[in-house]
Amino acid sequence: MSIFKLRSFGLHQNNIKPTLWFLLHDARSSSSEPDTQLLLLLLHLLLLFLLLLNQTRATCRMASVETAAEHERILREIESTDTNCIGPTLRSVYDGQEHGLFMDKLDVRIRNHDREIEKMCNHHFQGFVDSITELLKVRGEAQKLKSQVTETNKSLQDDGKDLMNSMEELKQCRVQQRNIATTIDKLSHCLPVLEMYSKLQEQMRQKRYYPALRTLEQLEHTCLPRAGQYRFCSIMAENIPKLRTQIRDTAMTQLRDFLESIRKHSDKIGETAIKQAQVQRSLDSSVSTQQRALIGRRPRKEVLAALAAATHQQRSDGQGDSPASEQDSGILDVEDEEDEDEEVPGAHDLVDFSPVYSCLHIYTVLGLRDVFENYYRKQRRKQARLVLQPHSNMHETLEGYRRYFNQIVGFFVVEDHILHTTQGLVNRAYVEELWELALSKIIAALRTHSSYCDDPDLVLDLKNLIVLFADTLQGYGFPVSQLFDMLLEMRDQYGEILLKKWNLTFRQVLDQDNFSPIPVSTEQEYKHYTSQFPLQDPELDKLPFPKKLPFSEFVPKVYCQLKEFIYACLKYSEDLHLSSTEVDDMIRKSTNLLLTRTLSHCLQYAIKKKNVGLAELVQVIINTTHLEQSCHFLEEFISNITNVPPDTANATKLYGTSTFKDARHAAEAEIYTNLNAKIDQFLQLADYDWMAAVQTGGTPATSDYLIDLIAFLKSTFSVFTNLPGKVAQTACMSACKHISTSLMQLLLDPEVRQISMGALHQLNTDVKECESFARAGPVAGFQGDTLLLAFSDLRQLLELFTQWDWSTYLADYGKPTCKYLRVNPHTALALLENTVRSTFLNQGQRFLSGAPEKGQGSLVSLSPPPGGSTLLGFRKTDRDRQKLIDTIIKQLRNLIAQHHT
């Protein structure tokens, strides 16, 4: 039980002593004998207690040593540290547990220091007493010295009164002298200020603002600082900004007046510059283009250099004046009554640029050069837009274009002069930008307004004006290649206007032409016409007067108009800086357009007119033939005026030959058409009696319409003698074929259902008349009976029916030697059916009347059978004829079927 209680206490150091007392008390109170184990335990606990006690004492000794060392450190720190910084040190003491020990230590340290102080005082006490004794002896000597100094000072003061009075008088003199010198100095500084201000006022009254600004600058920066702070100087200093503003505003007003003046008078400036360029061109007309360009630019550059040198000389004037005249801005007066021989004044002679120079230098002095440059460029851009805006009616007259160009030239002449006579007011980039803007607007305006123009003379004058405008600006160094490109574009428009004009001219010539050969009665008339047209006809030259030229007035007039057109094209190509080859190519292309479009259409118009007769068409063919022969003369003419050989490689050829050939072919076709139309008019008069009986007293007479037709053809073909042989032969052959075809169409007309032998004989007689006409040779050049071939189809068909030679036709059909080779089975079948229908109708009528009519015939002559009655014989004959006709029709249809197969 005791052991258990002992364990419950634990063996910690703090409860060892109570544990021992508890165990002893428990052992004494026990009634039994002490437990041996308990005694051993007590013994162990006692030993443990002793060990712990020794450890505690050792630990306390170590802690007292550490505390003593810490207190010593704190004391040393207090002794060696300023009293203001010992607070943290003392606080560390009070924060610890041993502050009582520290106080003891501190008392001990204080007593030690007191003992040391006492020892030191005892050591130096005798020296201190000696020093006090010596000090008392010195005090007596000092009193004596003080008395002597007082007496000496009194005597010195009495003796220096006169000297002080003299010094005071000298001082006053020196002050007066210094004041006089200061006054003189101040006056020497103030008088220049007053003189400079007076000069400034005088310059302002004279409106010499740039010198006034220089004077103002000198007054402000030189004179006024030297003069000092005076009231009048303050007033002047206050007025300086106002004067500077007044000068700036006045200069800007003059600049505005100058800008307004040059805007109003830019027309006159440009006119003068263009006159200069025109005079220079006239002087350089004898030199090459390259030399002309060099010489034309050199005087302008020299003038600009001289003008710039004069400007620099004036700018560097000793008095500080402006680089040009200080007069009012504007255009200088130039007398209008100038002699033509006098030199044309330059643009710089007309304009007083002094307001620009003056304003530029004034703003430069004021430090506002950028403001001035921006304002000037902005205003000039606005003026450029106004100048580049064309009038709405500019295209009506050349004067409108001239005024427009003069204003533009005047504007850029001024800008070019400003560029070369000022330093940086405008630069090359700014001028080029303005020119690019102007160039685009100029080209757009010219394209728009020139499109309204339909007068070639006005377009040509406009072109010359544009060339002069471009040359003028090129002389000032502006690129003008785009203007010449635009002129090349306008060349097409000019060509179209020329084509329209010449279209009217050609039509007038055609309308006024009488389409008859030109009669010539004298040598002078003959030379007149041959000078207009290159006629080369030796046989005609040998004929005596009077005689006739083969062509009409149309030919020389058209040839002259072609040359006039070429001259007009050449005029436009002048001064465009084109090579001879380019000019030649341009003229040839324009002439080809004139030939292939304008003249060709006019000829077609003349040929297709309703009232054109065969004689006029014949004359058109003759005229176009001669014009075709003259094409090589036109080639030579173009080569002569352009100095380009006609055989040059890649040279454009004239299409005149093909144009006149096409016109001649159209006239020939129109002749054939008109001739056939006339033949149709005669054929419309044909009135065949398709049921006519066969005449017993001989062949029928030729139809009246055919007699008139042949008479007309003979008279018509007599006019064809001047035509080329092939044309006349073709016309004659075409007429004969048309007659043959028309007669064939009459014979096979679907409306004609019955045809008698009498009608066939009448038609045969008319065909023979036509063959007689063809055999007579109305047009020379046919070989043999060539013309008769036109009637061969109709001739063979009529012979087949009139001779009733069906056995030969059917037997030889398809053979080259067939007599009726040109007879078509279709045609034969159709005509046979119409003839059979007519024959049976006539026979039925005779049967009903009892006897055949007089003169009534039949296709087959069959006698009645002997010994039989008339009625039976007639029926037997009809049956035989019907069988024969049916056989022929059957064979014809077989031939048609074979042909289709």
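Are there any pairs, at least 6 apart or on different chains, whose C-beta atoms fall under 8 Å, with the first in segment 57-78 and of a type in the set (A, V, I, L, M) and the second modelled with pLDDT of 75 or more and open to solvent by 60 Å² or more (accessible area, probe 1.4 Å), and if so, which? Close Cβ pairs satisfying both conditions: ALA68/LEU101; ALA68/LYS105; LEU75/LYS105.
Consider TYR559 carefully, then state whether it is without any contact (Cβ under 8 Å) to a residue 40 or more places away in the chain, of a type in the set (Phe, Trp, Tyr) and open to solvent by less than 30 Å² (accessible area, probe 1.4 Å). I'd like the intermediate steps shown before the answer.
Numbers: without any contact (Cβ under 8 Å) to a residue 40 or more places away in the chain: no; of a type in the set (Phe, Trp, Tyr): yes; open to solvent by less than 30 Å² (accessible area, probe 1.4 Å): yes.
For TYR559, the condition - without any contact (Cβ under 8 Å) to a residue 40 or more places away in the chain, of a type in the set (Phe, Trp, Tyr) and open to solvent by less than 30 Å² (accessible area, probe 1.4 Å) - is not met.
Within the option set PHE565, PHE633, being under 30 Å from PRO645 (Cβ atoms), part of a helix (DSSP H, G or I) and open to solvent by 30 Å² or more (accessible area, probe 1.4 Å) holds for one residue only, PHE633. Annotation: of all residues in segment 357-372 being under 38 Å from the mean Cα position of the chain (by Cα) and either closer than 30 Å to ALA445 by Cα or aliphatic (A, V, I, L, M) (or both), the one that is most open to solvent (accessible area, probe 1.4 Å) is VAL371.
Kindly provide the set of residues from segment 102-122 that are of a type outside the set (Asp, Glu) and either touching a residue at least 40 places away in the same chain (Cβ under 8 Å) or over 16 Å from ILE78 (Cα atoms) (or both), ordered by number.
Initially, segment 102-122 is screened for residues of a type outside the set (Asp, Glu), giving 102-103, 105-106, 108-113, 115, 117, 119-122.
Selection gives ARG115, ILE117, LYS119, MET120, CYS121, ASN122.
Look through ALA686, ALA666, ALA711 and report the one residue that is within 22 Å of MET733 (Cβ to Cβ) and open to solvent by 50 Å² or more (accessible area, probe 1.4 Å).
Details: ALA686 fails: open to solvent by 50 Å² or more (accessible area, probe 1.4 Å); ALA666 fails: open to solvent by 50 Å² or more (accessible area, probe 1.4 Å).
Only one candidate qualifies: ALA711.
Every test in (1) surrounded by fewer than 17 Cβ atoms within 10 Å (Cβ to Cβ); (2) assigned to a helix (DSSP H, G or I) is passed by MET204 save one, and that test is (1). Filtering segment 373-388 to residues that are in a helix (DSSP H, G or I) and open to solvent by less than 90 Å² (accessible area, probe 1.4 Å) leaves GLU373, TYR375, TYR376, ARG377, GLN379, ARG380, ARG381, GLN383, ALA384, VAL387.
Given the criteria touching a His at 6+ places or on another chain (Cβ under 6 Å) and open to solvent by less than 10 Å² (accessible area, probe 1.4 Å), does ILE607 qualify?
On the way: touching a His at 6+ places or on another chain (Cβ under 6 Å): no; open to solvent by less than 10 Å² (accessible area, probe 1.4 Å): yes.
Answer is no for this residue.
Please tell me if GLU489 is at pLDDT below 85, open to solvent by 40 Å² or more (accessible area, probe 1.4 Å) and closer than 30 Å to ILE566 by Cα.
Values: at pLDDT below 85: no; open to solvent by 40 Å² or more (accessible area, probe 1.4 Å): yes; closer than 30 Å to ILE566 by Cα: yes.
In short, no.
The criterion of being open to solvent by 100 Å² or more (accessible area, probe 1.4 Å) and in a helix (DSSP H, G or I) does not hold for LYS186. Within segment 380-392, residues that are farther than 19 Å from LEU419 by Cα sit with their Cβ atoms under 6 Å from residues that are of a type in the set (S, T, N, Q) and open to solvent by less than 100 Å² (accessible area, probe 1.4 Å), at 6+ positions apart or across chains, in these pairs: VAL387/GLN407.
Count of segment 769-785 residues, restricted to those that are open to solvent by 30 Å² or more (accessible area, probe 1.4 Å) and either free of Cβ contacts under 8 Å to residues at least 40 places away in the same chain or over 30 Å from LYS726 (Cβ atoms) (or both), is 7. Select from segment 212-231 the residues that are assigned to a helix (DSSP H, G or I), free of Cβ contacts under 8 Å to residues at least 12 places away in the same chain and not charged (D, E, K, R) and list them in ascending order. Across segment 212-231, the qualifying residues are HIS221, THR222, PRO225. Of the residues in segment 236-246, not one is touching a Lys or Arg at 6+ places or on another chain (Cβ under 9 Å), of a type outside the set (D, E, K, R) and assigned to a helix (DSSP H, G or I).
With respect to the stated conditions, LEU675 fails to be within 30 Å of LEU763 (Cβ to Cβ), open to solvent by 60 Å² or more (accessible area, probe 1.4 Å) and among the hydrophobic types (A, V, I, L, M, F, W, C). A Cβ distance below 6 Å, combined with a sequence gap of six or more or placement on separate chains, defines the contacts here; from segment 607-622, residues that are of a type in the set (Val, Ile, Thr) reach residues that are open to solvent by 50 Å² or more (accessible area, probe 1.4 Å) in the pairs VAL618/VAL719; ILE622/ASN722. Selection of segment 581-611 for residues being within 28 Å of the chain's Cα centre (by Cα) and polar (S, T, N, Q) yields THR581, SER590.
Scan segment 503-525 and give yes if some residue there is open to solvent by less than 70 Å² (accessible area, probe 1.4 Å), under 30 Å from ALA277 (Cβ atoms), not aromatic (Phe, Trp, Tyr) and not in a helix (DSSP H, G or I), otherwise no. Working first, answer last.
If we filter segment 503-525 for residues that are open to solvent by less than 70 Å² (accessible area, probe 1.4 Å), which is where we start, we get 503, 505-506, 509-510, 513, 515-518, 520-522.
Going one step further and asking which of them are under 30 Å from ALA277 (Cβ atoms), we end up with none.
No, segment 503-525 contains no residue that is open to solvent by less than 70 Å² (accessible area, probe 1.4 Å), under 30 Å from ALA277 (Cβ atoms), not aromatic (Phe, Trp, Tyr) and not in a helix (DSSP H, G or I).
Given the criterion in contact with a Leu (Cβ under 7 Å, 6 or more places away or on another chain) and either open to solvent by 10 Å² or more (accessible area, probe 1.4 Å) or not in a helix (DSSP H, G or I) (or both), identify the matching residue among HIS391, HIS420, HIS449, HIS395. Steps first, answer last, please.
Values: HIS391 fails: in contact with a Leu (Cβ under 7 Å, 6 or more places away or on another chain); HIS449 fails: in contact with a Leu (Cβ under 7 Å, 6 or more places away or on another chain); HIS395 fails: in contact with a Leu (Cβ under 7 Å, 6 or more places away or on another chain).
Of the residues listed, the single one that is in contact with a Leu (Cβ under 7 Å, 6 or more places away or on another chain) and either open to solvent by 10 Å² or more (accessible area, probe 1.4 Å) or not in a helix (DSSP H, G or I) (or both) is HIS420.
Summed over segment 465-499, residues that are within 17 Å of GLN276 (Cβ to Cβ) and not charged (D, E, K, R) total 13. Taking residues in segment 253-269 that are closer than 21 Å to ASN374 by Cβ and open to solvent by 40 Å² or more (accessible area, probe 1.4 Å), and partners anywhere that are of a type in the set (Phe, Trp, Tyr) and part of a helix (DSSP H, G or I), the pairs with Cβ atoms closer than 9 Å and at least 6 places apart or on different chains are ARG263/PHE411.
The values are calculated or read from the model by the stated rules, or taken from the named source; none is laboratory data. Quick caveat, the model's predicted, so the values are computed rather than measured. Backbone-built Cβ (ideal geometry, glycine too); neighbour counts: all protein chains shown. For accessibility, only protein heavy atoms count, side chains too; no ligands or nucleic acids. Shrake-Rupley method; radii C 1.70, N 1.55, O 1.52, S 1.80 Å.
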